[in-house]
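The values are calculated or read from the model by the stated rules, or taken from the named source; none is laboratory data. Quick caveat, the model's predicted, so the values are computed rather than measured. Positions of Cβ are generated from backbone atoms using ideal geometry, with glycine treated the same way; all protein chains shown enter the neighbour counts.
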């Protein structure tokens, strides 16, 4: 135990926690925006995988990280258009269409990967971007300011999301559409247009989350995301549909995972305890929520398709 | 004055009974065809022959007695989970925890069989099913209680409970439940023969698990639509606030719904272990090795069946056919197995996307054939 | 329109008959598995041997499944065989369906490449006495004469890797990233630890089982946590290990691989890989099958029989003395002078 409490190890663990939290955060923010407007998307995992593969493959073939990110986000937009078609136009049951997208994303990315790449070929992942001055602060610098650019983007999106939702007209309409779409409609807000935007944003962020994962690791593999998309959805509920709450959830999950990881490495946890403690992030998420339980309700129109004809 | 008896029977029959039903059937069928067309494009891109592939798919799903048996066996856990989902969804609760509840049921029934292996079969098999139901009910009741008493969303808790269950299973299969072997792997020993689910006559691998699943579907139908409990649950699902004003125990209903839903999945867990060819609880490579992802596929089956327990029977059977036939398609065409996963996803998306279309078209058909809706 | 009781009764009867016929159809298993004739044994103009492989993970996983697939490709270069694959079958019942399907389709050899497939195999193999089934990793052919069991002494290569690692580490701390503490992953890790500590008892080997076969990101963080704890040499096993090799490559940390040659994952940092050469036993098995013996034996990959080989990465530039010492360790394990103790 004493090994863990050396400063350098704790610092490394916290930095690791932030890195692990990033894909959760991006995907969860995207899902949160969609849900605030009344749309549930259970297909986040599939879109993350698609974003991850597109980013990896683009980087492999072109060597450009920027292009990789852009194409991944584009793929997310395409998936968003597909989801909008199914959900808004055809009024499909929101829970299940998502599962179909998950299966499709899982299988299709694996298929493309097997056919176009074959054996995993590592690529040069994202470099660490040291923020000048801040990165040099002892310890704190290593924890917060020595990450790749997508990590910074993810955390910067938290105040941006808050601002857009709470302080802009678009955000106002978004919230109205999620709570009382009929009222919003009578006031001239196009419910389905707002939802189209939030679905596109949500899917883009999910794809970006996948890209962040693949580019950080510099590799792709079948089922790379390994369930992160579903955890990201759960974290929306943990965060009570507020950006800060979602960020707390992502950090909780990431830091606990990193801590358990480090304890296993040092030997604090070993043998049979190893598999038990691996459930710690999931368990703690529930426990924390129980103790912090604030009764913020879901957006009232969540999962209910809006039909003008009533 | 024209009376009812003066009208020709046949046209009215067509208009009132068959037109909306035919439309109701045509839409999902068209959706599946469209999905298979997309699949055909993917097959062509891989250099495979779609016709050959789909013939193999149909053959693998329905082409022989053994194929039908395999399809029924594949659909059985989907039916059990799906029936539980019907109950939960109709109570207004989204149960994504099927995987964890299956695992819980499997662990309970396996532990029981390891504890009392010499019990005569006729007693042990029902006990194992009950143990599975209790395990699943427990695992479902926890998210129910968390929602009721702490306001924790069941979407979050069920997703997390899935992870916890899978890790717990991994833990149990590393040591406590694992078969002692030179090189230990994560599975139990071959469980007592007294626990084997009896095979049905006919020489196939079909076992009574299928009959149990159908029986539970019927029981769920009775519960939902013919019992006081069902009325209460559906009322809560329809309008929880009104139900609360009416004095119904809304909170208890949520817990009950999740417990019942979990119990169904737990029975699926028991059946998956004791009806399998291995007659072991296998967690090697992950819990999904024995759950077959039924926790999620069951949700799909339930929604294909319109959240009606009886309609879930053919829905689960057909979805099982798709999954079973896919294995043969992969084998015959030697395409990557990933294609089958993607194809399943496409089918789900198309069929789900078309469901509301079905009600719209049925209404249109009613208007066109002159029947007042 | 009046509904007479008779009409309702008729409708119910029709439904009942319809339902029963469906059930009866399902129960009437009309295709009993046909027993296969043994493969033709005349040498002139023999048909190619049809081999099918059923595996739980992907054939490009750089791990367990790929090792067998690669070996089959090597065998195909000098034998007349066809290879069909159903991979990604982690659902045991599905794998069973595939195995049975291949047997029914008249394949000569079906490889059940997963220990968990033993259950379905015990039901399938007796039905197809003319088909030879290979099952691994396992040391038990279930008393049947058409099952060949195969396994791998991955601890031997682990031991050798461990001895080398203990010599090149400067910090005295070595890190191991594993999936779940079971199967041949555990065997490799235990062998590695045994070798490292036998070489240098003062060395610390930290082992981290991340409890997942697929979580590449967690494997990468596990590697990072090792480095944070002072490790300067890493190893690991199973398909998610690509995450760890990525970290090793980025940080310039020497890496030891297993199951396949992992040099492509880190051209500068991979020291050596324990490569599974299944073809060593496949050749023997195929010969025996051609001679009419379809099973009833256990095979193992070892350093001694060439099934395991330590393939060094020349680009790493391992010290000549250490290399010689490693080769001596291999020789000792082969001759029995040394043992992994497992």
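The residue of the stretch B:197-213 that is nearest to the other protein chains (Cβ to nearest Cβ), among those that are part of a helix (DSSP H, G or I) and surrounded by 20 or more Cβ atoms within 10 Å (Cβ to Cβ), is B:210.
Does residue B:194 satisfy the condition of being more than 14 Å from chain C (Cβ to nearest Cβ), assigned to a helix (DSSP H, G or I) and within 30 Å of residue C:90 (Cβ to Cβ)?
Spelling it out, residue B:194 is indeed more than 14 Å from chain C (Cβ to nearest Cβ), assigned to a helix (DSSP H, G or I) and within 30 Å of residue C:90 (Cβ to Cβ).
In summary, residue B:367 fulfils each of the numbered conditions (1) in contact (Cβ under 8 Å) with a residue 40 or more places away in the chain; (2) on the phi < 0 side of the Ramachandran plot with the single exception of condition (1).
Given C:114, C:136, C:88, C:119, which one is at pLDDT below 95 and surrounded by fewer than 24 Cβ atoms within 10 Å (Cβ to Cβ)?
None of the others qualify; the one that does is C:119.
Please tell me if residue A:171 is outside any helix (DSSP H, G or I) and more than 18 Å from the chain's Cα centre (by Cα). Judged against the criteria, residue A:171 is not a match.
Residues checked against (1) farther than 30 Å from residue B:167 by Cα; (2) at the interface with another protein chain (Cβ under 10 Å from one of its Cβ atoms):
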{"position": "C:118", "(1), (2)": "no, yes"}
{"position": "C:131", "(1), (2)": "yes, no"}
{"position": "C:140", "(1), (2)": "no, yes"}
{"position": "C:145", "(1), (2)": "yes, no"}
{"position": "C:180", "(1), (2)": "no, yes"}
{"position": "C:183", "(1), (2)": "no, yes"}
{"position": "C:191", "(1), (2)": "no, no"}
{"position": "C:194", "(1), (2)": "no, no"}
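Every test in (1) modelled with pLDDT of 90 or more; (2) under 29 Å from residue A:14 (Cα atoms); (3) in contact with a helix residue (DSSP H, G or I) (Cβ under 9 Å, 6 or more places away or on another chain) is passed by residue A:156 save one, and that test is (3). Would you mind finding the one in A:298, A:273, A:240 that is part of a loop (DSSP other than H, G, I, E, B), more than 23 Å from residue B:352 (Cβ to Cβ) and within 12 Å of chain B (Cβ to nearest Cβ)? Result of the check over A:298, A:273, A:240: A:240.
Considered as a group, the residues in the stretch A:213-236 that are over 14 Å from the mean Cα position of the chain (by Cα) and part of a helix (DSSP H, G or I) include one that is surrounded by the most Cβ atoms within 10 Å (Cβ to Cβ), and that residue is A:215.
Rundown of residues vs (1) surrounded by 15 or more Cβ atoms within 10 Å (Cβ to Cβ); (2) at pLDDT 95 or above, yes/no style:
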{"residue": "C:240", "(1), (2)": "yes, no"}
{"residue": "C:254", "(1), (2)": "yes, yes"}
{"residue": "C:290", "(1), (2)": "yes, no"}
{"residue": "C:295", "(1), (2)": "yes, no"}
{"residue": "C:303", "(1), (2)": "yes, no"}
{"residue": "C:333", "(1), (2)": "yes, no"}
{"residue": "C:339", "(1), (2)": "no, no"}
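When the helices (runs of 4 or more DSSP H) confined to the stretch C:214-317 are screened for residues that are within 20 Å of residue C:70 (Cβ to Cβ), away from every other protein chain (no Cβ under 14 Å) and under 19 Å from the mean Cα position of the chain (by Cα), those reaching at least 1 such residues are found at C:279-290.
Here's the yes/no breakdown for (1) out of contact with any helix residue (DSSP H, G or I) (no Cβ under 7 Å at 6 or more places or on another chain); (2) more than 17 Å from residue B:127 (Cα to Cα); (3) surrounded by 23 or more Cβ atoms within 10 Å (Cβ to Cβ):
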| site | (1), (2), (3) |
| --- | --- |
| B:215 | yes, no, no |
| B:222 | yes, yes, no |
| B:233 | no, yes, yes |
| B:239 | yes, yes, no |
| B:249 | yes, yes, no |
| B:264 | no, no, yes |
| B:272 | no, no, yes |
| B:288 | yes, yes, no |
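Listed by position, the helices (runs of 4 or more DSSP H) contained in the stretch C:96-213 that have at least 3 residues being without any contact (Cβ under 8 Å) to a residue 60 or more places away in the chain, in the same structural domain as residue C:283 (by TED's automatic domain parsing) and within 20 Å of the chain's Cα centre (by Cα) are C:118-124.
For the stretch B:170-184, a tally of residues being more than 14 Å from chain A (Cβ to nearest Cβ) and either in contact (Cβ under 8 Å) with a residue 40 or more places away in the chain or crowded, with 22+ Cβ neighbours inside 10 Å (or both) returns 1. With respect to the stated conditions, residue B:315 fails to be over 19 Å from residue B:93 (Cβ atoms) and at the interface with chain A (Cβ under 8 Å from one of its Cβ atoms). Elements of the type helices (runs of 4 or more DSSP H) sitting completely within the stretch A:59-166 and holding at least 2 residues that are buried (at least 23 other Cβ atoms within 10 Å of the Cβ) and within 14 Å of chain B (Cβ to nearest Cβ): these cover A:65-84, A:94-116.
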